[in-house]
Amino acid sequence: MTYQQEITKAGATIGGQGHWDGIAAESVARMRLQNRFHTGLDIARYTAGIMRRDMAAYDADPANYTQSLGCWHGFIGQQKMISIKKHFGTTKGRYLYLSGWMVAALRSEFGPLPDQSMHEKTSVPALIEELYTFLRQADARELGMMFRDLDAAREAGDEVKAQKISHDIDNYETHVVPIIADIDAGFGNAEATYLLARKFIEAGACCIQIENQVSDEKQCGHQDGKVTVPHEDFLAKIRAVRYAFLELGVDDGIIVARTDSLGAGLTKQIAYSKEDGDLGDQYNSFLDVEEVTDLGSLRGDVVLARGGKLFRPKRLPSNLFQFRTGTGEDRVVLDCITSLQNGADLLWIETEKPHVEQIAGMVDRIREVVPNAKLVYNNSPSFNWTLNFRQQVFDAWTAEGKDVSAYDRAKLMSADYDATDLGREADEKIRTFQKDAAARAGIFHHLITLPTYHTAALSTDNLAREYFGEAGMLGYVEGVQRKEIRQGIACVKHQNMAGSDIGDDHKEYFAGEAALKAGGAHNTMNQFAA
């Protein structure tokens, strides 16, 4: 519905009452356009469509990969989208990522926690709702400024400009984008996963990422001690998430099935198996076992029958069973194929380093069974990107017979190598990593899980050094405010960013000339008008 159609519709409603003369149809239309999404389910249905279209576009051309940055506060997510629209003119192909790691570290009532699902699970859907509250406010703010420009054009008698602004309002692109939301390992059994998934979706999530670790032993994907579950346990949780989507009418909701098997050497359970070669038997085939030749040696052990012999899975003092070394990639491939065959839409393979060919090797095998398999990939700050790619270049040059005598592989992180041929080639590979991995390794979506955790720490360190040091107030002015002004950062007008002008508009709608507004001549934000 166009802006003018909204005005006409509101006018018909007001006129039909006869005693609502104090209500202006255009003001109603403006408020409706500024609040397009009434519920989280409206958002989930809208953004699921965006992701589905983007997935189809990627299938047609891998150059159409998508990206996101992790966020832990609504304001952070809002500013990312405002910046993206400012710099690129559109949010197309750019999402937000909600990281369980950052919720645990920054949003738990217990204080900072490791990424082990110890934080309050309700804090995750609460953050989804908060993110969309801030994104909707960004819409209201930006549209509000367009309405003010429209009024100014009319007052100046500039009909051409007024028509252009009206056209821009009709074609306005919202800041509301898909959020890929981390549900960890489901925070319990399949029923618990279903109940929490409902909360995610009701808050606005169109895409839920779930991992195949044991809920009560969950670890960060880049730490040791990860414990996976048999496939049937994981598939039950995938089905639970799908049921939640379907129950709530988000029929095209997206599930990202994450496997941590590449770095997980342990399992808590022996999989249930009915016959040789079934899924449970395949899971158990990766276990590290020893043949039982003396039944008297058994002490409450589980034994597996293979080829007429009995085998005992090796069990640790923690009562966990271990997989054979070197089986990680095979387990990843099996995980991914079974997940895609049982309701998942996208894959997430957690790796120990960013290496295109390592990822592609696994994806090639998966695509032999599921040709359109696509990945979400964690461009993690847990990787030392500089060191990893310099080592990759060093090793490639060595294999090619190039002279690498000027470089010490053990010290490649040194700033001494920044301006060298090796350093420059490594940086170029980092620059093109997402494009290369999208084309070669089936990665539809690239994300950085914890970027603003690190940027907040870095910027705070820089400000603290200057402000509390010799620079004093100049440390803030030169390092922050002057840059905000010159780079056109919206938050330099922080009153406007917090909704002051929106409030003034509403006061005028409600009280007319009697409105007491904050944005008058004495508002210091006017100092930033230039």
Within region 21-45, considering residues that are surrounded by fewer than 13 Cβ atoms within 10 Å (Cβ to Cβ) and either among the aromatic types (Phe, Trp, Tyr) or over 30 Å from Gly253 (Cβ atoms) (or both), the one modelled with the lowest pLDDT: Asp21
Only one of Tyr272, Tyr283 is at negative phi, part of a loop (DSSP other than H, G, I, E, B) and hydroxyl-bearing (Ser, Thr, Tyr), namely Tyr272
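Yes/no per residue for (1) surrounded by fewer than 12 Cβ atoms within 10 Å (Cβ to Cβ); (2) outside the structural domain of Tyr58 (by TED's automatic domain parsing); (3) among the small types (Gly, Ala, Ser):
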site	(1), (2), (3)
Thr398	no, no, no
Ala415	yes, no, yes
Asp421	no, no, no
Arg424	no, no, no
Lys435	no, no, no
Ala439	no, no, yes
Would you point out the residue of region 313-339, among those that are hydroxyl-bearing (Ser, Thr, Tyr) and either within 15 Å of Gly263 (Cβ to Cβ) or modelled with pLDDT under 95 (or both), that is surrounded by the fewest Cβ atoms within 10 Å (Cβ to Cβ)? Thr325
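If you check His445 against the conditions, is it outside any helix (DSSP H, G or I), in contact (Cβ under 8 Å) with a residue 24 or more places away in the chain and either assigned by TED's automatic domain parsing to the domain that holds Ala360 or exposed (fewer than 14 other Cβ atoms within 10 Å of the Cβ) (or both)?
So His445 fits the description; yes.
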Tally, over region 492-520, of residues that are part of a helix (DSSP H, G or I) and surrounded by 14 or more Cβ atoms within 10 Å (Cβ to Cβ): 14
Exactly one condition in (1) under 24 Å from Asp216 (Cα atoms); (2) surrounded by fewer than 18 Cβ atoms within 10 Å (Cβ to Cβ) is not met by Leu310; state its number. (1)
Which members of region 175-198 meet the condition of being in a helix (DSSP H, G or I) and charged (D, E, K, R)? Glu191, Arg198
Sole residue being touching a helix residue (DSSP H, G or I) at 6+ places or on another chain (Cβ under 6 Å), more than 19 Å from Leu195 (Cα to Cα), of a type in the set (S, T, N, Q) and in contact (Cβ under 8 Å) with a residue 40 or more places away in the chain, chosen from Thr267, Thr259: Thr259
Test result for Thr386, at pLDDT 95 or above, more than 19 Å from the chain's Cα centre (by Cα) and surrounded by fewer than 16 Cβ atoms within 10 Å (Cβ to Cβ): no
With the first residue restricted to region 409-425 and required to be β-branched (Val, Ile, Thr), and the second required to be surrounded by 15 or more Cβ atoms within 10 Å (Cβ to Cβ), Cβ contacts under 9 Å at 6 or more apart or on different chains are Thr420/Tyr407
When Gln481 is run through (1) surrounded by fewer than 15 Cβ atoms within 10 Å (Cβ to Cβ); (2) not in a helix (DSSP H, G or I), the failure sits at (2)
I'm trying to understand the selection: among the residues of region 62-104, which are under 21 Å from Asn171 (Cβ atoms) and assigned to a helix (DSSP H, G or I)? Met81, Ile82, Ser83, Ile84, Lys85, Lys86, His87, Phe88
Under the condition of being basic (Lys, Arg) and part of a helix (DSSP H, G or I), which residue from region 7-61 is farthest from Ala441 (Cα to Cα)? Lys9
Looking at region 105-126, which of its residues are part of a helix (DSSP H, G or I), under 18 Å from Thr193 (Cβ atoms) and not β-branched (Val, Ile, Thr)? Ser123, Pro125, Ala126
Every pair of residues 6+ apart whose Cβ atoms lie under 7 Å, when the first sits in region 137-153 and is within 19 Å of Cys491 (Cβ to Cβ) while the second is buried (at least 20 other Cβ atoms within 10 Å of the Cβ) and of a type in the set (D, E, K, R): Gly144/Asp501; Gly144/Asp505
Taking the options Ala56, Ala48, name whichever one is surrounded by fewer than 16 Cβ atoms within 10 Å (Cβ to Cβ), at pLDDT 95 or above and not assigned by TED's automatic domain parsing to the domain that holds His506. Ala56
Which condition does Lys226 not pass, out of (1) surrounded by 21 or more Cβ atoms within 10 Å (Cβ to Cβ); (2) at pLDDT 95 or above; (3) more than 18 Å from the chain's Cα centre (by Cα), if it passes all the others? (2)
Being in contact with a Lys or Arg (Cβ under 7 Å, 6 or more places away or on another chain) and within 25 Å of Arg45 (Cβ to Cβ) is the filter; apply it to region 181-220 and report the residue that is surrounded by the most Cβ atoms within 10 Å (Cβ to Cβ). Gly186
Condition first: buried (at least 16 other Cβ atoms within 10 Å of the Cβ) and touching a helix residue (DSSP H, G or I) at 6+ places or on another chain (Cβ under 6 Å). Can you find one or more residues in region 284-298 that meet it? yes
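The values are calculated or read from the model by the stated rules, or taken from the named source; none is laboratory data. The structure displayed is predicted, hence computed values, not measured ones. Ideal geometry is used to build each Cβ from the backbone, glycine not excepted, and the neighbour counts take in all protein chains shown.
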